[in-house]
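Presented below is the structure to which this report refers.
The values are calculated or read from the model by the stated rules, or taken from the named source; none is laboratory data. These figures come from a predicted structure and were not determined experimentally. Heads up, the Cβs are rebuilt from the backbone with ideal geometry, glycines too, and the neighbour counts pull from every protein chain shown.
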Amino acid sequence: MIVQCAQMSVGGLAMMNRRELLGAAAGAALITRVPNALAATYDLIIRGGRVIDPSLGINMVGDVAISGGRIAAVEPSITGDATDTIDARGRLVVPGLIDIHTHTARDKDAASICLADGVTAMVDAGSRGADFIDDGVAVAKAAPNQLRLLINLSHKGTQPVMTLDLADVALARAAINRHRDMIVGIKARMEKGAWGGADGDLRALARAQAMAEGFNLPVMIHLGQPDAPLPKILALLKRGDIVTHMYAPAPNGILDDNGRLLPEVLAARRRGVWFDIGNGTTGHITWDQAERSIKQGFLPHTISTDWTPGGREGGVIDLPNVMSKFLLLGMSLDQVIACVTVNAARVFEAYHDRGTLHVGAPADVALLELREGAFEFVDNFAGKRTAQQRLFPSATVLAGKRVAARA
């Protein structure tokens, strides 16, 4: 091909002898190699941070290289240059954070706020029902990070008191069919008085499962002091379903009257039900409930915020802050990071290629700072505790590109 190109550009080349022809070809080949020789080896290298990726069993000081929006290498020291470099010394370098319980589809600016916190993928957990799901999908599609939706069991969305006529299976299934790429599950609020008593809770949850049937979608239940006993609720959950607000207190929490884990809770975990934090601000978590459960070995699969603008102002703040609470409660840094990366990625099919720094994976990366000091944290019942460590967002990389820092 080089010779043919040369012949097209030099009229007398056909009259050259063999030595002259080979010399011209070598010269042309050299010209074609010059741009590659001058090009950077990678688009971005994150250098010198403490790289922690539970999906790969990595916890080391090293470098992460990115090319074409994908992870290209993770090594103790990467040679070669890059178009852009981030100095990550003194920072944690982890896969982009995944928050599986937010309410970010209510506000077009919320996703960008969370992205600057290191959250590169998230789920809106039932802010909208079938009546308003199109609006939520529009917000999700415009989000800079990957935002997916749970459709609310009530076609009117979240509200304090609901009646069974609001749990319209046909409306929900039509909405899921319309937005199958964006709706990743159903959200069912199991809360005192929500569905008119214990029988109402169970009938409403049965309708949530009917909405999910055939779509291979999970149901996430909001555990908020429901009227129905938790064992009866858990009996209606299938493999892949999610219990959020897992450390909500009595009545009908995961502990019995003596503070021991219910055997039905352990059985649900064994058969593949996920248990999620959903920190939030109202009635969802107490230090005592979390501490008793963790001491019995019942750790969360996933850590999430239940993010709202109000929660950002206090109690929740951001996902790194909620993660810090579980360092205080005795979980290791690797365990906490797993809860917002590899574990969270396994819950929803849409995120199965996220939550990892595996070579070839989408290059979503969060940089966090683990500060030492005295930091106060609160539960949902004004309980305060002080810890010596807190995680803060430092920088975010989305699809291989730096995200602008928040002002």
Out of everything in region 178-199 that is crowded, with 23+ Cβ neighbours inside 10 Å and over 25 Å from residue 140 (Cα atoms), what residue ends up being nearest to the chain's Cα centre (by Cα)? 190
Among the candidates 282, 302, 308, which residue alone is farther than 21 Å from residue 231 by Cβ, among the hydroxyl-bearing types (Ser, Thr, Tyr), touching an Asp or Glu at 6+ places or on another chain (Cβ under 8 Å) and in the same structural domain as residue 124 (by TED's automatic domain parsing)? 302
Of the residues 378, 403, only one is among the β-branched types (Val, Ile, Thr) and within 19 Å of the chain's Cα centre (by Cα); which? 403
Could you check region 207-257 and list, in sequence order, the residues that are within 24 Å of the chain's Cα centre (by Cα), within 18 Å of residue 280 (Cβ to Cβ) and assigned to a loop (DSSP other than H, G, I, E, B)? 245, 246, 247, 248
Of residues in region 323-337 being outside any loop (DSSP other than H, G, I, E, B) and in contact with an Asp or Glu (Cβ under 9 Å, 6 or more places away or on another chain), the one nearest to residue 399 (Cα to Cα): 337
Out of everything in region 379-396 that is charged (D, E, K, R) and assigned to a strand (DSSP E or B), what residue ends up being surrounded by the most Cβ atoms within 10 Å (Cβ to Cβ)? 390
Could you run through region 94-134 and say how many residues are crowded, with 22+ Cβ neighbours inside 10 Å and either in a helix (DSSP H, G or I) or hydroxyl-bearing (Ser, Thr, Tyr) (or both)? 9
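Does at least one position in region 262-270 carry a residue that is in a loop (DSSP other than H, G, I, E, B) and within 15 Å of residue 300 (Cα to Cα)?
Quick first cut of region 262-270, residues in a loop (DSSP other than H, G, I, E, B) only: 262.
Remaining after also requiring within 15 Å of residue 300 (Cα to Cα): none.
Looking through region 262-270, none of the residues is in a loop (DSSP other than H, G, I, E, B) and within 15 Å of residue 300 (Cα to Cα).
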